[in-house]
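Every number here is computed from the coordinates shown, using simple stated rules; none is lab data. As the structure is a prediction and not an experimental result, all values here were calculated from the model. Neighbour counts are summed over all protein chains in view; Cβ atoms, including those assigned to glycine, are modelled from backbone coordinates with ideal geometry.
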Amino acid sequence: MKRIITTLLLLTIVIFANNRTLELNKSKLVDSNITIPVVNKELESLTDSLKKLIDSNLDNVWTKTYSGYVTHKRLLDRREAIKKRVFRLSSLRKLTKKQKRELQNLKKESSVLGDKINLIKDFEQDPFKKLIEPPKLEDVPIITNPFAIINGLSYIKELDNNKKVYIDKYKLLMDTIEKIEKKVSILSKISKISNNSLDKQHLNEITKELKEYLTIKDIYSTTKDVYIKKADEVKLSIQNSIKRELEKTVKIIVIALFFLSIFIGLKFLTRKYLSDRESFYTVNKVINISFITILLITILLAYLENVSYLVTILGFASAGIAIAMKDWFMSLMGWFVIVIGGAIHVGDRIKVVRGNSEYVGDVIDISMLRMTIQEDVTLTTYTTNRRAGRIIFIPNNYIFTDLIANYSHSGLKTVWDGIDFYITFDSNITKSTNIAKSIAKQYSKGYTDITRKQLNRLRSKYQLKNTNVEPRVFSFIEGYGVKVSVWYLTNAYATLTLRSTISNKILEAILAEPDIKIAYPTQSFYVNNKVPKPDIIEEENHNV
């Protein structure tokens, strides 16, 4: 009886357990049926998003370039693998028919791969170099005449177009990076859901591509900023040149209209007050020639950079006058150069060198044929002429043939002057140079400060490299001593005054030093006596 009851209980437990297992299996099946559609739906949604992203203009110059780069690399890897396989097969002594066929096929494939690699060899190194490289700023037009303004405007338009294309290319790169980042995000989600090795491999490839583009973006950004800055500088320079040229053209037109009004007025007065036909013809012809000559000279001086070109052109145009009155004609041209060029003004101190003659003086007048200078007491008059106070007439044509130095050009009222003195070899050279420099610095300080300010103003007009205005001292070994040369800035109109003051102060300071001796040429004569040996030699022999 007990056995029967036990058996029934066991059967009841087994049946209950089986029913529970069936219920659990049904529950799992229901859950599985619910999860699988959700997962499939999410994958489908992500796949659709990825497809739309791929179709949204990802096929551009950047992606094509990268694709070519990847293809080139894969072809290289395949060819390298083929070379290794060919080498292994070739090293075998005997080959089966299958191996021979394989070797032959590999060689053909290697040849085909070589041709393909040569076709896309531009992708071997820096495939994005051409895309990143900005347009070259070459053949920048120089605006020197009104006709060049058209070239300048055309160049500005081309420059703006190139800049726009370059910036649009950068925007396309940023858009590509943004879409690839979205692509990486979608692929990352797909890879987590599907847990597929192919999806993971695809994700790694896209991630690597994104890193390449981010590196390119950093380089491109820097290059773009530099290019835009240079392009803007070139554009601004051309615009300023165009503006200057327009202003110069307007000035020439105003000058031409001014001379035209004078020409018309003279014509009217000539016609009104000259009744003699011969006189009227002569005067009228002179007026016509003068007006045309002035107009041509105005235009040529405005647009010819080299004055010699102007002289050549006018020489061909008026050969007879140039030959018969060469000096007069050249002086007249020299007057135009002096007046319009502004190299010399009334009041400037100039030095004129003509052969062995030198003249230094102040310009007191500039006429159409000559400059008049008043000679002053200068170092030139002290060392060379031994005369001063004369009135010197300098033909204007000397501006083309001889040396004319301007001591006070563009408001620069100071010049460098130097004093030389000799000391013995056993003197304290360092102390002597310090003394000379200290005295020169003390007495020329005012001129040094003035010159510094004047040179700062001249920076806008000239390319000044050496703007050191402090006194300078040099020492050189000469035949009978050490030559000390001190240089300092002084008034261009009174160099001798400061030279005399500094010379006296240096001499007083040198004589007060016991370890500095002034050197000068000396000679010793010995009559019926032997030449004594120097004390230095005797001391050296004694020490030996």
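Overview of values
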read-out: Over 20 Å (Cα to Cα) - which of LYS73/LYS211; LYS129/LYS183; LYS129/LYS163; LYS129/LYS171; LYS157/LYS229; LYS136/LYS169 fall in this group; value: LYS129/LYS183
read-out: Residue among THR96, VAL86, ILE117 farthest towards the positive dipole end of the stretch 65-124, charges placed on Cβ; value: THR96
read-out: J(HN,Hα) series, the stretch 137-151, from Karplus relation 6.51 cos²θ - 1.76 cosθ + 1.60, nearest Hz, glycine and proline x; value: 8, 10, 6, 5, x, 9, 8, 10, 7, x, 5, 6, 4, 4, 4
read-out: Proximal lysines to LYS272, defined as alpha-carbon separation beneath 22 angstrom and excluding residues fewer than eight positions away on the same chain; value: LYS285
read-out: Mean Cβ count within 10 Å, highest first, over the residues of peptides 131-138, 356-363, 84-91; value: 356-363, 131-138, 84-91
read-out: Set of lysines near LYS98 by C-alpha distance (under 23 Å), chain-local residues within fewer than 8 positions excluded; value: LYS83, LYS84, LYS107, LYS108
read-out: Cross-link reach list, lysines versus LYS251, counting only Cα pairs under 23 Å and skipping chain neighbours closer than eight places; value: LYS243, LYS461
read-out: Euclidean distance of C-alpha centroids, the stretch 470-490 and the stretch 360-396, integer Å; value: 30
